[in-house]
1. By how many nm would the segment from residue A:517 to residue A:401 lengthen if fully extended, with 0.36 nm per residue of separation less the alpha-carbon distance?
2. Return the sequence-ordered ³J(HN,Hα) values of the range A:127-134 in whole Hz as given by the Karplus equation 6.51 cos²θ - 1.76 cosθ + 1.60 applied to θ = phi - 60°, using x for Gly and Pro.
3. Specify the angular offset, from 0 to 90 degrees and rounded to the nearest 10, of the alpha carbon long axis of helix A:28-48 from the longest principal axis of the alpha carbons in chain A.
4. Using modelled amide H (1.01 Å from N, peptide plane; none on Pro or chain starts), what sits under 5 Å from the amide H of residue A:66, excluding residues fewer than 5 places away?
5. Cα axis of helix A:714-727 to longest principal axis of chain A: angle in degrees, 0 to 90, nearest 10?
6. For residue A:52, list long-range residues whose amide hydrogen, built 1.01 Å from N in the peptide plane, is under 5 Å from its own amide hydrogen.
7. All other residues with a Cβ under 12 Å from the Cβ of residue A:648 taken together, and with Lys, Arg as +1 and Asp, Glu as -1, what is their net charge?
8. So, in nm, how far is label residue B:51 from label residue A:628 when the simple model puts each one 7 Å beyond its Cα toward the Cβ?
Amino acid sequence: MLLWAVLLVLIAVVLSAPLSHYFGRKAGWFLWIPLIAAAVLLVQAFAASNGEIVEYYPWIPDFFNVGFHLRLTGLSLLFSLLVLVIGAGVLFYSAKYLARTKIISFYLSMSTFALAMLILVLANDLMVLYVAWEATTLASFFLIARSGSHARKPAVRTLLVTVTGGLALLAAVAIMIASAGSTVVTEVLLADLWKDPTIVTWLIITLVLAAFTKSAQFPFQSWLPDSMVAISPVSAYLHAAAMVKAGIYLLLLFSPVLAGNTLWLTLLVSSGLITALLGAVAALRRYDLKELLAYSTMSQLGYLVALIGIGSPAALTAAVLHTIAHALFKSALFLAVGVIDHEAGTRDMRMLTVRKMAMPATITVVLIGSASMAGIPPMLGFISKEHLFEAFLGADLPGLLPWVLTGLAVLTAIGTFAYSGRFALGAMGHYRSPLNWINTPRGTTANLKPVHEAPLSFWGYPAVNASLTLILGIVPFVLAGTVSSAATGAIGSPQTVELSLWHGFTPAFALSIAVMVIGAVAVWQLPRLEAFLVPRPLSLSGLGVVEDLRQRTIQLGAIVSSWTSGLNPGRHLVVPSLLLISIAITGWFTVDELPSQQADLTRWTDWLLVIIVAVGVIATVRAKTRVAAIVVLGAVGFSVTLWFLALGAVDVALTQLLVEILTVVVMVLLLHRLPKSFGKQEKLSKVGLISAVAAGIAAFAGTWALTGRRDMSDPAKYLTEHGAEVTGGNNLVNVILVEFRALDTLGELTVLGMAGVAIAALLASRKPNPIRPVNVISTSPISDPQTNTTFLRAFSKVMTPILVIISIVLLLRGHNEPGGGFVSALLAGAAFALLYLAAPTNETRSIRWPYMGLIGTGVVLGAAVGFIGLFEGSYFAPLTWDIFGYTLYSSLIFDFGVYFAVLGVILGALNMMGTKRGLDVVMEQPSISSPSTKQPEKTQETVK
Amino acid sequence: MTLALTIGLLTAGAVYLFTKREMLRVILGFVLLGHAANLILFAAGGTDRRSEAFYTSTDPTAMADPLPQAFILTAIVIAFSITIFMLVLSVTGEDSDETAEKVEKLDVAAESESDGTPHKSFRTNGEGK
């Protein structure tokens, strides 16, 4: 059942890209459904169980029996619901919020994020937990980074901080697995390791580091406001439901075994309260509504961490309750800010003062949310704050400590009240600047138009959360069951929590009244408070260190690379040549005796080939013009082809031949962008000549001394004797490529595809040189390309289809006879090259296939064949099917993958380099094929 | 002997071209070096058996070693794609593919700064915005 919930969210991930492709931003109206379905499934399953559901699916049975141990308890149910329900709401909301560009990256990252978070809170296996933790880190990085170039640095800093925490978690996981001998969380929690003080100390340090970085606790707090460059739905999800709550979940998960430990208590309580206070003060100084909320999140999480540190049942219950309250009001507020930002074009409270905010619904959401955040009855936030005060007052700590902690909590609560009021006023356009400051925008540039209400589908979801925070505040007892079971998980013993709006005249109630009174005064006196706070920024930040570290690392890299820098590749390339020579010299002195050479190594015809190669190499080296150099290089290539033929390698020879042709074609395509002849005539440079001759001798001597002195290797013997019967294919080279080392070939296909992508990226980022003007005399027969290419065009019209058909024949028969994916794709590529050569102008682009799509198809097809092999027990296990008397091999499908990928790269090269339009396509949009690339519309995300 | 000689010739030509300043010549050098490397692989399998590696047509005792052939086949195609990439490199950026004169222009340290002026906000918790 748990697995089904995970799979449902996985469906959302898989569908996110195609849905956003076809429906654009409206994909959000579909994507929330699987998340809600998963939530319903979990709730039903939990209700039918006795408080715990455990499932196991094997993953790595050989290593500590690591597997998909999933476990649903009250605690994980609560967090799953936050992740799924708020995630679904955010997805629904995004359908209105998003701009019309970069939709796919948003929905893909968001749904991946939801999946990772769900697995994280359901994981009952430490390895699964760790992988999911890191997945959330990566997904959040992409969500922040996709906002554009200004988001790059914040995204990288966020990544650096959270990855540090991830490494700490890895250390903790390793310690636990090594000490407990199991990866199952429930078994680890029961193990003896928690009695060893040294291990416990290390575990506390690593776990706390992981949780602090994830939940933005002091001194790692600053990534959270830093990541505010992301769009509002992302902020709402990251800060209300998901990312930061992962740290809280981790702490709660290990709270049953660590609560009461002095180090745990000291670290969590001190850091939590510092963060809470810092965040509250910082929030009072922000003008950007979203940034204000970010600091508020920090502050609220500080409360949670401090509560977990205290560790008493009352404190943990309060933490659970406050987690719910915070998730509800914070997501509502973030999303409401998104609505304001979207409609007004700004979220700066100073800019909003000159606008008429004609958006009653959104403002109501803001008011309810702020009231809950401030802890005003009858909101849920009031109830959770009451519990929080009670927990601090009742903390089992020596001396005056409970009073000190309560005092800090109250101080934070006053700050919270003040910034909540400031937020609400700011959002309504009633921000009052300190009396003597003129910081409201005036003059002609300010936008004075009234801000109108957004459609219902936009403010609907924030309104749902705001209503929940109000309704649950009035009837909190409906939450009692959820909170009780979640607290049970966090405390480790069964709990029954009773929730009510009215607690009676308790000390906590007195504190609440005090907070509200003083807070109200603070809101009234906000301009004075601000005048005091704004000129006094706090510069305590762990992120400064991170930024310094990042800069230093880049500088170190620059220093190291400067040793070999320079655009002259000779400086790099001569080094390996010299190493080659020194290897040869070392060999000369150390190798004493060699086994005797085999008898039949050389045939007389070989000497002819040596002579052709020698002539070709010398001509290449001596060539004066670029055209000549390319032509004679081709001659060398053909003689190498002959070498392969002479050595009995038919497929290799065919491949070499076709590659040689295509290399020349590609070179010719680019040649007209380079000067005709090489630079000034130099004499044979002595250094170059000496090192070349020495390297040549070294290569010769090495080959002569170290090869041809043993019989065929054992694997080769096996292949020649049994290869055919094992695979059913007679072409041994082909069966090695597509069966014995298919995984390797798949890797090489990927490299090939990446080269194609890299070419596109290179051409997109740097313009190629202009085409060199050529003077053709007007009477020359080649002056008119139309007539000049008539013959070739007529020829290619006939030949290209024939060649393509031949290439497919070569592909199909590759298993038994010369051919196979590589050779046939190169032949097809050559056929298409013929079309290009026959075209009268550069602009006649004959092939309009999506070459990037071809490359992708090829690689994906190859990988998919590997997965089919899993049915036979292993990745790439070969399969055969008998269809109508023919035997179909799975490796043939793999060969099709090879065919597509290689053909894609060739077509890409021809299109991108050969035609101007191809170049333009690359420059506009690296991946063509998307029909929805119309005129870019006004993007909301660029609005600051 | 003959194969070793071919390899020596190709290597010498490649290294000589590496010392040249035009990017195109360096690329040609790479192509030559690619040939040499492929032939070395072949030599490693031995050149005494030279009949095609097809099970039907040959008796296994005379069959050439198929293992290096499979290596070389993909190596050729990969080398081809790298060659294309380098060719594109040679025509982008500057007017010519000459390299030596441009050395002074390159300042790697300066390049690393190009990802923007230091972000001010991190020191002051976003105060700089």
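1. Working: separation 116, 0.36 × 116 = 41.76 nm, distance 2.48 nm.
Extra length from residue A:517 to residue A:401 when fully extended: 39.3 nm.
2. Running phi through 6.51 cos²θ - 1.76 cosθ + 1.60 with θ = phi - 60° gives 5, 4, 4, 5, 4, 5, 4, 5 Hz.
3. So the helix axis and the longest Cα principal axis differ by about 60 degrees.
4. Answer set, sorted by chain and number: A:60.
5. 80
6. Placed amide hydrogens put nothing under 5 Å from residue A:52.
7. Combined, the nearby Lys, Arg, Asp and Glu give -1.
8. In this crude spin-label approximation the distance works out to 4.6 nm.
Taken together, the values in this text are just the output of simple stated rules run on the coordinates, not laboratory data. This is a predicted model, so every value here is computed, not measured. Positions of Cβ are backbone-derived with ideal geometry, glycine not excepted, and every protein chain shown enters the neighbour counts.
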